[in-house]
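The values are calculated or read from the model by the stated rules, or taken from the named source; none is laboratory data. Every value quoted in this text rests on a predicted model; they were computed, and no experiment measured them. Backbone-built Cβ (ideal geometry, glycine too); neighbour counts: all protein chains shown. We work out accessible area using only protein heavy atoms, side chains counted, and drop any ligands, DNA or RNA first. Shrake-Rupley method; radii C 1.70, N 1.55, O 1.52, S 1.80 Å.
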Amino acid sequence: MTATTPPPGTVLLAGATGDLGGLILRNLVVLGATVRVLTRPETNTSRIAQLRAQGAEVIQADYDDSDGLRRACTDVDCVVSAINGLDSAILDGQSRLLEAAAAVGVPRFIPSDFSIDYRGIRPRSNRNLQLRRDFAQRLDATEIQATSILNGAFTDMLSGQAPMILFSRRRVLFWSDPDQVLDFTTKDDTATYTAAAALDERAPRVLQIAGDKVTARTLASTMTDLTGTQFRLLYAGSVGSLTAMSRAVRALMPASTEPFPPWQGMQYFASMFSGDANLRYVHNDRYGSRKWTTARDVLEQHRQQS
């Protein structure tokens, strides 16, 4: 049975100054929610003014300010975390926010997962996903009702950050199997769905969404159709060789605080092409039927802008 959008409530949003967080904020306001935005004290005053202009109440507090975090969480129906980063953000910062939410009795918490299904991957095989798995254990140890949004990879990455489509060479890379199904959802669609889930008191522990399910073979066909030029598949090795390469690149590169260095992208593709992180129970229609942005839509837009 399809659930309907529940009446608005009060949501505390962390990470609203980021791309995804900003989109979630916009959608929460559209749905009529009362939105509080948690920002650090050093946040630019012009950015704070922009957040307020969107209809949000802005609360400034550091993540090591337990009193400030508790004040931010008071009388909130759901905390949504869209923060991004490594251990200091996903584990430390979110854990302090979670502790504050639990201390004042916030009933629901949506963590910053927004990824492929990290539950099925081999432990420690993907750094960014492991951080989310570790935080999930902390979240499940509380009495707060949690809901993770698993959306696959962001479709937007196909046109830039994820070098799977070699536009100039007219090739589409694959590892092991060109027919391995891959899950993708745009940031816009993910944000729209997350806002609805934040107001859904009956949202389950995990919600899986996929704006599109594609393979390397179908992506090559799509690019051929869009450009009128033949795009061919290019075998880049096995998933095992990709995993080994990611380890080697990680060992050779200097330590970085970037959440998505080249070797992390390799780990992500290894998790996707292994099939271990596939989304198997998609809930796209939970908040009503809508048109989802497909990989073809994103690639067509990229072609027009190139």
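Only one of (1) farther than 30 Å from Ser256 by Cβ; (2) in a helix (DSSP H, G or I); (3) open to solvent by less than 20 Å² (accessible area, probe 1.4 Å) fails for Leu12. Which number is that?
(2)
If Tyr268 satisfies all but one of (1) under 18 Å from the mean Cα position of the chain (by Cα); (2) open to solvent by 50 Å² or more (accessible area, probe 1.4 Å), what's the number of the condition it fails?
Against the list (1) under 18 Å from the mean Cα position of the chain (by Cα); (2) open to solvent by 50 Å² or more (accessible area, probe 1.4 Å), Tyr268 comes up short only on (2).
Quick check, is Thr215 open to solvent by 30 Å² or more (accessible area, probe 1.4 Å) and of a type outside the set (D, E, K, R)?
Numbers: open to solvent by 30 Å² or more (accessible area, probe 1.4 Å): no; of a type outside the set (D, E, K, R): yes.
Answer is no for this residue.
Among (1) under 30 Å from Gly32 (Cβ atoms); (2) without any contact (Cβ under 8 Å) to a residue 60 or more places away in the chain; (3) of a type outside the set (Lys, Arg), where does Met157 come up short?
(1)
All but one of (1) open to solvent by 30 Å² or more (accessible area, probe 1.4 Å); (2) farther than 30 Å from Val80 by Cα; (3) at pLDDT 95 or above hold for Arg202; state the number of the condition that does not hold.
(2)
Could you tell me which numbered condition Leu51 fails, if it satisfies all but one of (1) open to solvent by 20 Å² or more (accessible area, probe 1.4 Å); (2) touching a strand residue (DSSP E or B) at 6+ places or on another chain (Cβ under 6 Å)?
(1)
Can you find a residue that is open to solvent by less than 10 Å² (accessible area, probe 1.4 Å), in a helix (DSSP H, G or I) and either over 22 Å from Ala198 (Cα atoms) or not charged (D, E, K, R) (or both) anywhere in the stretch 102-117?
No, every residue in the stretch 102-117 fails to be open to solvent by less than 10 Å² (accessible area, probe 1.4 Å), in a helix (DSSP H, G or I) and either over 22 Å from Ala198 (Cα atoms) or not charged (D, E, K, R) (or both).
Residues checked against (1) without any contact (Cβ under 8 Å) to a residue 60 or more places away in the chain; (2) touching a helix residue (DSSP H, G or I) at 6+ places or on another chain (Cβ under 6 Å):
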residue: Val11; (1), (2): no, yes
residue: Ile24; (1), (2): no, yes
residue: Asn44; (1), (2): yes, no
residue: Ile48; (1), (2): yes, no
residue: Arg70; (1), (2): yes, yes
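Take the residues in the stretch 1-44 that are of a type in the set (Val, Ile, Thr), within 26 Å of Phe154 (Cβ to Cβ) and at pLDDT below 95; name whichever of them is nearest to the chain's Cα centre (by Cα).
So in the stretch 1-44, the residues of a type in the set (Val, Ile, Thr) come out as 2, 4-5, 10-11, 17, 24, 29-30, 34-35, 37, 39, 43.
Adding the requirement that they be within 26 Å of Phe154 (Cβ to Cβ) leaves 2, 5, 11, 17, 24, 29-30, 35, 37, 39, 43.
Then drop every residue that is not at pLDDT below 95, which leaves 2, 5, 17, 43.
Values: Thr2: 23, Thr5: 21, Thr17: 15, Thr43: 23 Å.
The residue in question is Thr17.
With part of a loop (DSSP other than H, G, I, E, B), free of Cβ contacts under 8 Å to residues at least 24 places away in the same chain and surrounded by fewer than 18 Cβ atoms within 10 Å (Cβ to Cβ) as the only criterion, which of Pro123, Pro163 stands out?
Selected residue: Pro123, the only one of Pro123, Pro163 that is part of a loop (DSSP other than H, G, I, E, B), free of Cβ contacts under 8 Å to residues at least 24 places away in the same chain and surrounded by fewer than 18 Cβ atoms within 10 Å (Cβ to Cβ).
How about the stretch 67-101: which of its residues are of a type outside the set (Gly, Ala, Ser), open to solvent by 10 Å² or more (accessible area, probe 1.4 Å), farther than 17 Å from Ala141 by Cα and not in a loop (DSSP other than H, G, I, E, B)?
Asp67, Arg70, Arg71, Asp87
For every residue, the table says whether it meets (1) touching a Pro at 6+ places or on another chain (Cβ under 8 Å); (2) under 18 Å from Thr185 (Cα atoms); (3) open to solvent by 50 Å² or more (accessible area, probe 1.4 Å).
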{"site": "Leu207", "(1), (2), (3)": "no, yes, no"}
{"site": "Thr224", "(1), (2), (3)": "no, no, no"}
{"site": "Ser246", "(1), (2), (3)": "no, no, no"}
{"site": "Met253", "(1), (2), (3)": "yes, no, yes"}
{"site": "Glu258", "(1), (2), (3)": "no, no, yes"}
{"site": "Arg286", "(1), (2), (3)": "no, yes, yes"}
{"site": "Ser289", "(1), (2), (3)": "no, yes, yes"}
{"site": "Arg296", "(1), (2), (3)": "no, yes, yes"}
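Could we say that Ala136 is surrounded by fewer than 17 Cβ atoms within 10 Å (Cβ to Cβ) and out of contact with any Cys (no Cβ under 8 Å at 6 or more places or on another chain) here?
Judged against the criteria, Ala136 is not a match.
Looking at the stretch 155-187, which of its residues are at pLDDT below 95 and touching a Lys or Arg at 6+ places or on another chain (Cβ under 7 Å)?
Asp156
Looking at (1) over 15 Å from Leu12 (Cα atoms); (2) in a helix (DSSP H, G or I); (3) open to solvent by 20 Å² or more (accessible area, probe 1.4 Å), can you tell me which one Asp64 breaks?
So Asp64 meets the others, but not (2).
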